[in-house]
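To start, the structure under review is shown below, and the notes come after it.
The values are calculated or read from the model by the stated rules, or taken from the named source; none is laboratory data. Values in this document were obtained by computation on a predicted structure and should not be read as measured data. In this analysis, Cβ positions are derived from the backbone assuming ideal geometry, glycine residues included, and neighbour counts consider all displayed protein chains. We work out accessible area using only protein heavy atoms, side chains counted, and drop any ligands, DNA or RNA first. Shrake-Rupley method; radii C 1.70, N 1.55, O 1.52, S 1.80 Å.
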Amino acid sequence: MTRISTPFTARSTAAEVLEGVDLTGRRMIVTGGASGIGLETVRALRGAGADVTVATRNPAAGERRLDLSDLGSVRAFAASWSGPLHVIVANAGVMALPTRQVAANGWELQLATNFLGHFALVTALHENLRQAGDARVVVVGSGAQLREPFDFGDPHFERRPYDPWAAYAQSKTAGVLLAVGAARRWAGDGITANALEPGYIHTNLQRHVDAATMRAMGAMDEQGRLLTPACFKTPEQGAATSVLLAGSPLVKGLTGRYFSGNQEAAVVRGGPEVMTGVASWSVDPDAADRLWAYAHEAITA
């Protein structure tokens, strides 16, 4: 399968990616669209004419409530949607919770929020996506998926020691597998599903990251002030690949792919020393099918 390239770079902004693109009449949902790259995703899509609904845990005026860790909230949100849905951008997430926490259904909270809530939302809105005829599911992943496969033996750290970064990485691997699973099931409905990594950006996502880790990344000085290393992007640049997959005609019809820096990423062996690409375990169709069944059972139990 030939890897797709685009004329954009890792430094292109969301507005540049959608320059000249008309999304008028296309109805979209962006989870976590009130801040960070989610907010810039919303701005760019609306700037191109899309009708964008912001779904967030703490909504302001004009936004709609959605707590992805609460399956009741997810079901209520999905039930309130009527008519076709052209795009859903699964953007919301939490990262590196310092202690193990669980959602009401017993799932480890990062996995519940970053993966299961989005799985429940996307599957509940499947018929609305099908009605659109050419819908797109976009899952915002992370380079962290290179670090950990999904642990089917103990996904909620009930027996193994809890590790904040292992839990985050596993949840992001699961998100990519969500896109793979949807791509395998819904192509006949005119629905494409792809995942991406936005890169390093200063956002609220880092609120749980300790100062020592931030300093090790070169993202904070000894006085606690944020620094911006050369490898970091602006939020406008971080949102670029999200809007590429959500609205650009350049990727029309593509499904089951993983993008980074506005280019399709190479499939690589994951591991602690690997810095680029998508891990083979993150796009493994057998793992995607197994995880789909596991999540389906969880939301219907």
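Amide H to amide H, with H built 1.01 Å from N, V267 comes under 5 Å of V278, counting only residues 5 or more places away or on other chains. Rg over Rh for segment 1-69 works out to 1.05, both radii taken from alpha-carbon positions and Rh defined as the Kirkwood radius. Over all pairs of different C-alpha atoms, segment 237-301 has a mean inverse distance whose reciprocal, the Kirkwood radius, equals 13.9 Å. Roll a 1.4 angstrom probe over the protein heavy atoms and tell me the percent of accessible area of the chain that is carbon or sulfur. Carbon and sulfur together cover 52 percent of it.
Taking amide H as placed 1.01 Å from N in the peptide plane, the amide H of G49 sits under 5 Å from that of L23, each at least 5 places away or on another chain.
Residues Y258, Y294, Y200, Y162 ordered from highest to lowest accessible area at a 1.4 Å probe: Y200, Y294, Y162, Y258. So if R0 is 35 Å, what FRET efficiency would S80 and V268 give, r being the distance between their Cβ atoms, rounded to the nearest 0.05? Approximately 0.30, to the nearest 0.05.
For segment 106-182, with equal point scatterers placed on the C-alpha atoms only and solvent neglected, what are the log10 I(q)/I(0) values from the Debye formula at q = 0.14, 0.18, 0.26 1/Å, to two decimals? Results for segment 106-182 at q = 0.14, 0.18, 0.26 Å⁻¹ read -0.47, -0.71, -1.21. Across the chain, the mean sequence separation of Cα contacts (distance under 8 Å, 6 or more residues apart), normalised by length, yields a relative contact order of 23 percent. Of all DSSP-defined beta bridges confined to segment 84-206, some 10% are antiparallel rather than parallel.
The R290 and A61 beta-carbon pair, evaluated with R₀ = 41 Å, returns a calculated FRET efficiency of approximately 0.45. With the alpha-carbon atoms of the chain aligned to their principal axes, the span from lowest to highest coordinate is 48, 45, 45 Å, starting with the largest. Counting only heavy atoms of the protein chains and using a 1.4 Å probe, H156 has close to 10 Å² of accessible surface. With Cα atoms as the point set, the radius of gyration and Dmax of segment 59-111 evaluate to 13.4, 41 Å.
Paramagnetic label reach from A187 (point 7 Å along Cα→Cβ; backbone nitrogen cut-off under 16 Å): within segment 234-273, residues 252-258. Close amide-amide hydrogen proximity is noted between I29 and T53, V87, I88, V89, each under 5 Å apart and 5 or more residues distant or on a separate chain (H modeled in the peptide plane; Pro and chain starts excluded).
Nearest 5 percent is fine: what portion of the DSSP beta bridges confined to segment 1-111 is antiparallel? Could you put the intermediate results ahead of the total?
Details: 1 of 11 bridges.
Given both bridge residues lie in segment 1-111, the antiparallel proportion sits at roughly 10 percent.
What residues from segment 260-290 fall in the zone where the backbone N is under 12 Å from a label point 7 Å along the Cα-to-C-beta line of A15? The answer is none.
Considering only the chain, what is the antiparallel percent among its DSSP beta bridges, to the nearest 5? Percent antiparallel among DSSP bridges in the chain is about 15. Here segment 1-139 was treated as a single set of alpha-carbon atoms; its pair distances binned every 10 Å from 0 give 11, 39, 34, 15, 1 percent.
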